[in-house]
Structures are given as C-alpha cells and as structure tokens.
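Asks: To start, I am sharing the structure in question, which I have written as structure tokens.
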Amino acid sequence: MSLRPDITHLLGRARGDLAMGLPVALCGPSGGALIAAAETLDAARLAGLRSVASGAGAQLALAITARRAETLKARAYDGDLARIVLPPDAGTAWIAATADPQSDLASPMKGPFQTQRGDDATLHRLALRLVKAARLLPAALVLPLQDAEAVANAAGLTILPAEAADAAMRLSSPPHPVISARVPLQASHAGRVHVFRPDDGSEEHFAIEIGQPPRDAPVLTRLHSACFTGDVLGSLKCDCGPQLRAALAQMGAEGAGVLLYLNQEGRGIGLANKMRAYSLQDQGFDTVEANHRLGFEDDERDFRIGAGILAKMGFGAVRLMTNNPAKIDMMRRCGIDVAERVPLIVGQTAQNKDYLATKARKSGHLL
Ligand SMILES: Nc1nc2c(ncn2[C@@H]2O[C@H](COP(=O)(O)OP(=O)(O)OP(=O)(O)O)[C@@H](O)[C@H]2O)c(=O)[nH]1
Ligand SMILES: [Zn+2]
C-alpha cells in the first residue's frame, strides 16, 4: 500500500500546473528538463528560468509544432516540431506572439527564427503533448538540465518521469461509470444520463441512453463532440446543435439509442483555442487552416474514449449516426462493429456553408 501518486496522478498534476503557469520537471534516462507553457508563463517565472539557465550554461528553447513552424517559416529540423532558440532579450510578449497566430497578419515580419538541430528532442515532444493535453496553445519553453530533478525538488515543482509519462499518455484507459439517473427529455421520456469519469483528472464524459437498447444487437449511436457555441448557444457557424437534437429525436422515434456527449470541445483543442481558431476564420482562414496556424492538427480528438464507454455499457455493435468516415474507422479499430452508417445531415445555414464544404473537401466528410 502506498500513498504516493502514480504516473496517472502526476500527469493530472502536471496539466494543472502548466495551465496555472507553473513549470514542471521532466526526468529522462539521459537528462531532464524544466518545461513551461508559453501561454501561461509570467515574467517572474521566465526570469527564474533564465537564471537557472545561465547558472547551468544551458539554452532555453521554445518548442512549437511543425504546423506552427510552417506558418512562422522556422526550420523544423526535428520533423514534427521545431526548437526555437530564445533570443536573450525575448520577454513574455515575444513568447506569446510567437506561440499565438492572432497577430501574424498584422506583423508579417515575425522572425527570422534560429532553430536548434541535432541532440534529442524527446522531452520537447513530450512538453508539447502535455500543453496540448492542458488545452493550451501548443508551444512550450524547454530548459534541458542534467539536474532538473534537484532544481524541481528545491522549488517544489511537479516531477514527471518522462518515459513513464510518455507511455501513460499513449494508453487510453476508458473512463469509469460514476452515476446514472433518469432524465425525461423532449425527444423521449425514457432518457437516462450516465456520467463517466477518467482516472487521470481530465474532463468527464456523458452517455445519454434512450429506452433500453438490447446489448446483443447494433444500437443506434451518436458520438457527439462538445460544441458549447453550437449545442448551447445555437451558433450558426456549425451544424452541431441541430445534429445533437436530430440524433436524440431519431432515437426517441425509434425508442432506443445511445448518444455519447464527449467533452472534446473544438475537435479536441478546447474552447479557448476554438475561439482563437474562430478569430483566425474572421481573418479569412478556413477551419482546417486556422487549426494549423495555431499549431494543431485538423482533428485532435481521441475516439478511443467513446469506444471505451460503449464497451463499458455493454455495446459491441452500432448503427453510427455520422458523416465522418474517420469516426467509423476509429470505432472499428477499437473493436466496435459499425453495422451501418446512418447519415446525419441537418442544420445547413448560410453561415456554415463554407465550413461544411471545407470539411467535405479536406477532412473527407460525406455530404
Ligand atoms: N477546431 C475547431 N473545432 C470546431 C470548429 N467548428 C466546430 N468545431 C468542433 O467540431 C466538433 C464537431 O463534432 P462532431 O459533430 O461530433 O464531429 P464531426 O467530425 O463533424 O462528425 P459528424 O458530425 O459525426 O459527421 C465539435 O467539438 C465542435 O466544437 C472549428 O471551426 N474549429
Ligand atoms: Zn459546433
């Protein structure tokens, strides 16, 4: 028996620390690093990192994804990421402007950036995955240090064993059921909401069960990713709200179904980053380009979570309500049999016409 946190707990702490602007230590087999999220770093902590860097003769770098590097015309020698050498006079405003594309068009002369090549970028890569998991901008300050653990211990920072963290982040342990209760819905009086909670302190997900679908036949299913603007506010920029209501209505009409409400807002980048993407869309970029300029892939969702919840509820086969072939593919790869695709084409507006056309053209959505 131990009171010590395991790697899952440490990952949860690290995400929280990064979101609050605290550095975190990564300790690998061949050295460690202090990392901090570009978005939340304040001047005092930047000064602290600079002072540790000069004491150790180490060089601070800003790790960004290859997507962001492409926009900034910075050379990404590590393939999927670039390590920008932090200029000696760069402050938090410089770091924020490099990480955040909002001012790219207004200041087209950002750079030139000197990027590092050679050496190992493993800890930089892990730092980027951690700040993404904290739903922050994908940019992290990284200070490689042989004695990162000692520095972190002295400062009371969270220490993550890098190899174990990397392995734990690749695994997807399905969230566990917490509670379910009857909720009569407009679409069906036989509604039941189930709450599922991940072990790693990340967002809870919900399953809305309509009726009592038999577990031994394909169940009418919708995997719905959270869209605060569409689902709650009735935004005309996307089709999420009408899709949510149409899916529940069809389940109500058939008397059975399950809708998973997955808290993967903004295709997995979080609401703040989705609003950043919307602001770039107002500058003329489409939904995919906006994600890339921010440094994200088109879609950062992990659909293993949805498959895991279905399995925990006892479902092995679905009639999946979607226009997204990637969802079908992921379900099948996670062991859920997709017996049928049920198209869900509702909610087209003048304002989302281009968005839906871009998804069809670039992300393979079926219209
Ligand atoms: N990053 C980003 N996310 C967006 C944008 N517009 C909508 N979203 C998010 O996109 C997701 C849409 O989810 P879904 O409707 O489940 O998925 P889908 O890939 O469109 O697939 P189907 O609706 O099943 O065909 C939600 O998480 C929205 O918040 C956008 O412009 N940028
Ligand atoms: Zn939406």
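The values are calculated or read from the model by the stated rules, or taken from the named source; none is laboratory data. On a predicted model such as this, the values are computed, not experimentally measured, just so you know. Positions of Cβ are backbone-derived with ideal geometry, glycine not excepted, and every protein chain shown enters the neighbour counts. Each accessible area value is taken on the protein alone, full model and side chains, heavy atoms only, with ligands, DNA and RNA left out. Shrake-Rupley method; radii C 1.70, N 1.55, O 1.52, S 1.80 Å.
Asks: Using θ = phi - 60° and the Karplus curve 6.51 cos²θ - 1.76 cosθ + 1.60, what whole-Hz ³J(HN,Hα) does each residue of the range 306-319 get, with Gly and Pro shown as x?
Replies: Going residue by residue, I get x, 4, x, 5, 4, 4, 5, 7, x, 9, x, 9, 9, 9 Hz, with x marking Gly and Pro.
Asks: Okay, next question. Do the sum for the chain: with -39,500 (n - 2.57) for every DSSP H run of n ≥ 4, divided by all residues, what is the mean residue ellipticity at 222 nm, to the nearest 500 deg cm²/dmol?
Replies: Numbers: 14 runs with 140 residues, N = 367.
Calculated at 222 nm, the ellipticity per residue is -11000 deg cm²/dmol.
Asks: Moving on. For the chain, divide the Cα radius of gyration by the Kirkwood radius and give the resulting Rg/Rh value with two decimals.
Replies: 1.01
Asks: State, to one decimal in nm, how far the label point of D89 lies from the label point of R197, with both points 7 Å from Cα in the Cβ direction.
Replies: 5.2
Asks: If you take every DSSP beta bridge fully contained in the chain, what fraction is antiparallel? Give it as a percent rounded to 5.
Replies: Numbers: 38 of 54 bridges.
Around 70 percent antiparallel, to the nearest 5.
Asks: May I ask for the percentage of alpha-carbon pairs in the range 276-351 that lie more than 18 Å from each other?
Replies: 56
Asks: Starting with the highest mean, order 341-348, 156-163 by the number of other Cβ atoms within 10 Å, averaged over the residues of each peptide. Present the calculation step by step, with values, prior to reporting the outcome.
Replies: Details: 341-348: 15.2, 156-163: 18.6.
The most tightly packed comes first, giving 156-163, 341-348.
Asks: Note down the net charge around P29, summing +1 for each Lys or Arg and -1 for each Asp or Glu among other residues with Cβ under 11 Å from its Cβ.
Replies: Values: positive: none; negative: D120, E163.
Counting the neighbours of P29, the net charge comes to -2.
Asks: If r is the Cβ-Cβ distance from Q186 to D282 and R0 is 30 Å, what FRET efficiency results, to the nearest 0.05? Don't skip to the answer; put the middle values down first.
Replies: Working: r = 34 Å, r/R0 = 1.12.
With R0 = 30 Å, the Cβ-Cβ based efficiency is 0.35.
Asks: Show me 349-360, 21-32, 244-255 ranked by packing, highest mean number of other Cβ atoms within 10 Å first. Before the final figure, lay out each step's value.
Replies: On the way: 349-360: 14.8, 21-32: 20.1, 244-255: 18.5.
Highest mean packing first, the order is 21-32, 244-255, 349-360.
Asks: Also: What does the highest-first list of 293-306, 209-222, 128-141 look like by mean Cβ count within 10 Å? Working shown, then result.
Replies: Working: 293-306: 21.1, 209-222: 18.8, 128-141: 23.8.
Going by the mean number of other Cβ atoms within 10 Å, highest first, we get 128-141, 293-306, 209-222.
Asks: To check you understand DSSP bridge types, tell me what percent of the beta bridges within the range 187-314 (both residues inside) are antiparallel, rounded to 5. Display every interim value, and only then the final one.
Replies: Working: 11 of 16 bridges.
That works out to approximately 70 percent antiparallel.
Asks: I've got another one for you. Using the Karplus curve 6.51 cos²θ - 1.76 cosθ + 1.60 with θ = phi - 60°, what ³J(HN,Hα) values do you get for each residue of the range 56-73, in whole Hz, with x for Gly and Pro?
Replies: 9, x, 10, 10, 6, 10, 9, 7, 10, 6, 4, 4, 5, 4, 4, 5, 7, 6
Asks: Shifting gears a bit: List the residues whose amide H sits under 5 Å from the amide H of G257, counting only those 5 or more places along or on another chain, with H placed 1.01 Å from N in the peptide plane.
Replies: Amide H neighbours of G257: I210.
Asks: Under the rule of at least 5 residues apart or a separate chain, name every residue whose amide H is placed under 5 Å from the amide H of Q146.
Replies: Excluding prolines and chain starts, which carry no amide H, the hits are G32.
Asks: While we're looking at this one, here's another question. For L344, which sequence-distant residues (separation of 5 or more, or a different chain) have an amide H within less than 5 Å of its own amide H, given hydrogens modelled in the peptide plane?
Replies: Long-range HN contacts for L344: T322, N323.
Asks: Rounded to the nearest 0.05, what FRET efficiency do S107 and A66 have when you use their Cβ-Cβ distance and R0 = 22 Å? Numbers along the way, then the final one.
Replies: Details: r = 21 Å, r/R0 = 0.97.
Here the calculated transfer efficiency is 0.55.
Asks: Ok, one more. Considering only protein heavy atoms and a 1.4 Å probe, what is the carbon-and-sulfur percentage of the accessible area of the chain?
Replies: Values: 9100 of 16710 Å².
The nonpolar share, carbon plus sulfur, comes to 54 percent.
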